[in-house]
1. With each pseudo-label sitting 7 Å past Cα toward Cβ, what's the B:N553-B:Y461 distance in nm, one decimal?
2. Give me the inter-chain shielding for A:188-200: mean count of other chain Cβ atoms within 10 Å, whole number please.
3. Could you work out the mean count of beta carbons from other protein chains within 10 Å of each residue's beta carbon in A:561-568?
4. What number of lysine-lysine pairs in the range B:385-530 show an alpha-carbon separation below 17 angstrom, given a sequence spacing of 8 or more or placement on distinct chains?
5. Using only Cα atoms, locate the centre of the range B:534-572 and the centre of the range B:159-180, then give the distance between them in Å, rounded to an integer.
6. Can you compute the equivalent ellipsoid semi-axes for the range B:132-265, i.e. the square root of 5 times each eigenvalue of the Cα gyration tensor, sorted largest first and rounded to whole Å?
7. Which distances in nm, rounded to one decimal and ordered from shortest, link the label point of B:H457 to the equivalent label points in the other identical copies, with labels set 7 Å from Cα toward Cβ?
8. Would you mind listing the distances between the A:F263 label point and the same position in each other copy? Use 7 Å along Cα-to-C-beta, nm, one decimal, shortest first.
2 protein chains.
Amino acid sequence: MESQEPNVTKSPLMYLNRVPVKTILEGSDAEPGFVGTTVVVGGWVKVSKEVKEVMPQPPPTSPPMASDARPSPPHPPGTKDVSCVEVLQSRIPFFTTIIRVLGGSTSSPAVRQKLESLIPKPPPPSIFFLQINDGSSVSNLTVVIDSATVPVSAGQILPTGTCVLVHGVLEKPSAHGKQTIELKVEKILHVGTVEQDKYPLSRKRLPLDSLRDYPHIRPRTTTVASVTRIRSGLDFATHTFFQNHGFLHVHVPIITTTDSEGFSEKFQVTTLLRETSKKEASIGVSDADGVSLETVEAAVKKKSSIVEELKRSDSNREALAAALQDLRKTNELAQQVDSREKSKAVTAVKPDLVNFNEDFFGRQSYLTVSGRLHLESYACALGRVYSFGPRFHADKTVSAKHVAEMWTVEAEMAFSQLEDVMKCAEDYFKFLCRWILDNCSEDMTFVSKRIDKTVVHRLEYMDSSFYDKIPYREAVEILRKVTDKAFETQIHYLADEHYRRPVIVYDYPKAVKPFYVRLNDDGKTVAAFEMVVPKIGTVVTGSQNEERFDILNTRIKEFDLSKDQYEWYLDLRRHGTVKHSGFSLGFDLMVLLATGLTDVRDVIPFIRSHGKTNN
Amino acid sequence: MESQEPNVTKSPLMYLNRVPVKTILEGSDAEPGFVGTTVVVGGWVKVSKEVKEVMPQPPPTSPPMASDARPSPPHPPGTKDVSCVEVLQSRIPFFTTIIRVLGGSTSSPAVRQKLESLIPKPPPPSIFFLQINDGSSVSNLTVVIDSATVPVSAGQILPTGTCVLVHGVLEKPSAHGKQTIELKVEKILHVGTVEQDKYPLSRKRLPLDSLRDYPHIRPRTTTVASVTRIRSGLDFATHTFFQNHGFLHVHVPIITTTDSEGFSEKFQVTTLLRETSKKEASIGVSDADGVSLETVEAAVKKKSSIVEELKRSDSNREALAAALQDLRKTNELAQQVDSREKSKAVTAVKPDLVNFNEDFFGRQSYLTVSGRLHLESYACALGRVYSFGPRFHADKTVSAKHVAEMWTVEAEMAFSQLEDVMKCAEDYFKFLCRWILDNCSEDMTFVSKRIDKTVVHRLEYMDSSFYDKIPYREAVEILRKVTDKAFETQIHYLADEHYRRPVIVYDYPKAVKPFYVRLNDDGKTVAAFEMVVPKIGTVVTGSQNEERFDILNTRIKEFDLSKDQYEWYLDLRRHGTVKHSGFSLGFDLMVLLATGLTDVRDVIPFIRSHGKTNN
């Protein structure tokens, strides 16, 4: 079923003759719309039904797939079980093979006729109604296939998840329904079938948490498709906002040697963990031992004596190095034994005394926790910059708000102070709320129907509200009246209950914020803020950063951080320092807010969390 | 020098009262422009000069910084050496301290006068001309400071890299020059000084390769600033192109367990390499040995006997496990010795037999080499998707075209074939060329003046040219006539010399392309393509991917890949398979093309290459 190039409507999307479902459905609202137009449409079956035709059809002019075997007795009308049809159809090739083997095309008509009578009769023609979707729209397009003129089996075409590319004419639907247009298929260009027993979406309405096990399949569900479109909308809104406001997008590094927070567990990036190849793993114990068992014992004895010697003298570096070298050999032997035992479970590596000088970058390096420090160096040259990318926390706790890899928007502005950045964060956040309402209305209607009916209203009042800005101590006072729990666990109360809209809390105690946040004149608080929003909690964290060299230097010492690591960062204060501030927005949390969902694992395409990464 | 809120022009950029240099320079072209307007302007000094006033000024009404010490003898007019002025100025606080200590404010005028006569006279007033830049524009704004009315020292304000935030009035320049407007400073709000002896940009025109050692400082150079703006422009152009064409941005994962190419060296992501803390490292040898030296020897002996036993019997898993456990202890001891020896060089870690079941994700995981496979799963649900992010190759060779971390744009389209994706890649590429010419004209003028005078012309003809599309075998024929070198090293000849414009080569031999590329009917070539452009070489690689389950499965076997790893990927063919294709654009190479530079290390903000990562 190769794609040909039929005479089709020129698509507003280029590169394909295929017309997106969205274009057809939107066009059908207009007069005269697309009715009567010939198009190519592709998509995946979401819902389908088969309606049996009441009377057998006359044989089609163009022979269908199994044209030798025409239906004789008319079947009773009605919807038929898919699997029955499938069984019949699946046997036809087998029987036609028998014909070829026994008779072939040159055999006598009598023999041929006799053989043909042995073939089970194919099902009577049906009308297949497929609701298909290509991801361009929440709504599906109805595609109508008459199996009398367009030969295809129910088993091939009906299952949820089947991919079809079809050529046909857009028509007004015969029956009155929600749809104002449907496609009458003239030719099937491609069918991608489904192995129903293995397809996770064959079962009806899998809950979201079960769908997480199928990250590669779940975008085919209506909900995850909507989430993906909203996520992409928020992404473009982010670039639009910052570019319109004179910010430059800077690609801060993922691999870093700088710890930008000091609070988080970090992932290490290395090339030192070598996988034992199958070849190495298959070395027999006798081979390995034949060479090195005695050597190992000798080496260990030598090492022991060297260590003894070291007890007496600390300075024998060379001897120590030799001992360590020997120990490496010991390890290598053990590894070979281990590898052999584990056979082809290639999880074993050559252990070694890890020396980071030998690692790829010549030093320990990590996956970045935050891009703000790197971003600062560009802000302190180019004024306003932003970054948008994945950030990493090797946090083993499972949570609805955090996984190991999450996308973050970071902005940094030179010549700005705390109040400037709080205003910028508020404006950006409101811009996102407004953008989604204006640009993703179909998806917002869907999520408010399916997920959370208050979500549209919430985005509207977040866009139009005044956001209170209160110092941390005032926030603590408010919370003290209503709860005895810790501030961090209760902060969402401010937005959820007290103000019932987003609120900005600023001037945090210096101990709870990173070393680089600017120390206030009281010497106790720092110029940090958090924007707390209903349902989600903290979605933005930000700060004016310390521009004074001496104070920053002291803070680095207070946090017991390695000064070497921050020399480059101190340089920004050493040379042409400037007041500056910035913030980070948890992009995945923003998607939660916009979709009404409550777990980030449902809005992140490929979840990376402790013990979980399956692709 | 705290920032106050003067009565300023409303900035078209929000959040700050500061007006960007770009706004002023662009506004000055218009009539009446900004002349006479009071503004706040900030930036870093690029060039400066000091002009001595001919006649000493009368004492200012508001006392300058060192008002006790007025200048007495008029200095000869002319430009004065900065360091001389600096020396004088730097001594004033010392002498005024003496006054306070000896006399204080309550001492008799006679004593005070006597002491004051000991103080060296401050320099006569000067006019400082500063060319400042805030990153918003290629051009600098001239800022004029009269030290008679606005007290500041030359040493503070003149050095390159000094940060200033000033309040003043925009005026027509007194002297005729390139500039049509300049700022007469009324008040200095902030000065961020420079430690000249440590500042890398104090020396004139550092070459680009030397600047690479200062990634945090180099955006302050005119060239890197322009590169950053062009890069940010190409970034936004990318999002604009794809969003306008119905593509959804999908955040494919950075951490992955799937090898999407099979050709590249990969970085591993782990939490198993534990850094030895300072506390652990300081454990004395005697302490460590006292406990475990004998244990180690015993363990090793035990291990040896177990290994001997294993020679006879392969199945003794338990004993092996015990032996390995003992070896771990041996390693730990050695590590402690090693740690002690290395003292506070905290590069040592606890070695261990690495068991990836114990790693964060419970299996080996890597930094992604390409997002295309993950992207496919979204294309096979939502039609058209793209991704834009960093990709990683642990390649130790140093090259002008490759470093370890590079940004890549990837696009994937369902219902498309090779010719569709070649067209899409060409259109996207042309869109980028046109966008930069239309939206970054000031920067393009600069880079064509400073870096490569042909760059604007090149982008123009790349936008307007017809791109030949030739099969690989034809490309080989062309090259065979002119060279005997390998295809891969000569492919750029096609664009540079033969066609003198971009050319698309397709249908590559299957061995040189990844397993997932669609096998052509000849069984020898695959539906891959590369777009080769003058000066850069291959900037886009793409392919129609294999949609047929059986063939893909065979290809996975042919490449000797672990089928388990690709089960999820095979699912996309198992259920509703579709013809689809996609491409990757090397974004950093695109920035090279747009800037006329020749080494990616000059266009990537923070370079990550073998042995190099310093922040």
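Values quoted throughout were computed directly from the atomic coordinates according to the rules given, and no laboratory measurement underlies them. On a predicted model such as this, the values are computed, not experimentally measured, just so you know. Ideal geometry is used to build each Cβ from the backbone, glycine not excepted, and the neighbour counts take in all protein chains shown.
1. It works out to 5.2 nm between the two label points.
2. What the average comes to for A:188-200 is 4.
3. Mean shielding count: 2.
4. 4
5. 59 Å
6. Those come to 42, 21, 14 Å.
7. 6.6
8. 4.3
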